[in-house]
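These notes are about the structure you will find just below.
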């Protein structure tokens with residue numbers, strides 16, 4: 001059975017998995033339209049697999065923001081695989097491309113392994129620290145995750161640690177009201193570490209399961225911001241051993257390769273353990289998911305696939321690749 005057919009069966013096995021695949025197909029529409037159109041045109045144009053075919057394939061992948069180094073490695077592997085399997089027809093290479101894209105993300109391990117979930121503490125307060133520049137959708141992502149966790153039956157508390165951006169506290173408070181969870185906040189301009197400290201104490205006293213901490217994102221004031229984040233992290237570590245249990249860096253998929261430089265900067269200040277990639281539905285360059293994984297070795301834990309409260313989706317590399325290829329193959333090929 002072909003790899004893509006296995007994916008199709010996986011995501012049509014139940015109403016739940018089919019809903020996941022539908023979300024990815026819908027959210028990746030712009031990327032898929034761009035990627036699949038170009039790839040199908042390439043296959044139609046060449047038919048035969050040769051050096052020129054692979055050169056044009058490089059351009060298509062780079063235009064999808066997969067990243068130059070990642071693309072070069074991928075194309076080299078595809079060339080070797082084409083020789084090993086004696087693939088002559090370009091149409092037959094689509095199957096190999098899809099499998100290699102998943103392998104990039106999983107590191108060549110079990111291709112059906114999904115991404116590890118949040119590091120939830122079963123018997124203690126789970127603390128998740130959100131970092132990222134202003135405007136990437138950090139506060140919105142916190143609100144959407146709070147909604148999901150509450151739906152799972154968890155008691156959630158939010159902390160308005162971004163005390164510098166105008167309106168940030170009010171925005172998180174609005175999300176708290178919308179979701180129905182408590183928000184711990186101080187006045188604008190307050191010490192973020194002090195707010196986080198109060199949030200931890202409040203979460204403990206209210207016997208919360210999860211504490212979601214917002215932070216400032218003033219990258220233009222890099223030194224102060226990084227010092228501030230380091231201080232916040234130290235406060236959390238002092239109050240709760242082994243916390244924060246995840247440091248989630250929120251990146252805007254529409255910024256493409258610029259997101260990689262942001263990730264490197266934030267990783268210098270705090271140990272980023274996962275990426276929340278927002279606005280994936282708003283870009284034709286969804287390949288940034290693969291670039292992040294390959295170049296930074298930081299897993300993408302959530303992706304934003306739309307505007308609705310339920311459109312923050314736990315990242316599944318198989319669903320991602322299926323979403324890319326869903327419209328590219330005929331029923332016979334599937």
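Values quoted throughout were computed directly from the atomic coordinates according to the rules given, and no laboratory measurement underlies them. The structure displayed is predicted, hence computed values, not measured ones. No Cβ is skipped: glycine too gets one built from the backbone with ideal geometry, and neighbour counts run over all protein chains shown.
Some observations on this one:
- Percent of beta bridges antiparallel (DSSP, the chain, rounded to nearest 5): 15
- Ellipticity estimate at 222 nm from DSSP helix runs (n ≥ 4, -39,500 (n - 2.57)) divided over the chain, nearest 500: -16500 deg cm²/dmol
- For the chain, the pair-distance distribution built from all alpha carbon pairs, in bins 20 Å wide starting at 0, is 31, 51, 17, 1 percent.
- In this label model, residue 190 and residue 89 are separated by 6.7 nm, measuring between points 7 Å along each Cα→Cβ vector.
- Euclidean distance between Cα centres, the stretch 1-54 to the stretch 118-144, Å: 31
- Using a simple spin-label model with pseudo-atoms 7 Å out from Cα toward Cβ, residue 22 and residue 152 lie 2.3 nm apart.
- Computed FRET value (nearest 0.05) for residue 177 with residue 123, which takes r as the C-beta separation and R₀ as 35 Å: 0.75
- With the convex hull drawn around the C-alpha atoms of the stretch 162-217, the volume per residue stands at 74 Å³.
- Extension gain, residue 5 to residue 230: 0.36 nm times the residue separation minus the Cα-Cα distance gives 76.3 nm.
- Under 15 Å from the residue 206 label point (7 Å along Cα→beta-carbon), backbone N, the stretch 126-146: 126-128, 143, 146
- Computed FRET value (nearest 0.05) for residue 237 with residue 33, which takes r as the C-beta separation and R₀ as 35 Å: 0.15
- Here the peptides 290-300, 86-96 are ranked by packing, the mean other Cβ count within 10 Å, and the order with the highest first is 290-300, 86-96.
- The alpha carbons of the stretch 3-114 occupy a box of 43, 28, 26 Å along the principal axes, longest dimension given first.
- Length added when fully stretched, residue 218-residue 307, from 0.36 nm per residue minus Cα-Cα: 29.6 nm
- Rg followed by Dmax, in Å, when the stretch 126-315 is reduced to its Cα trace: 15.3, 46
- The value of relative contact order for the stretch 184-334, using C-alpha pairs under 8 Å at least six residues apart, is 15 percent.
- Rounded Å value of the spacing that divides the Cα centres of the stretch 276-330 and the stretch 181-234: 28
- Percentage relative contact order, the chain, counting C-alpha pairs under 8 Å, at least six apart: 27
- Take the Cβ atoms of residue 45 and residue 14, set R0 to 35 Å, and the FRET efficiency comes out at 0.35.
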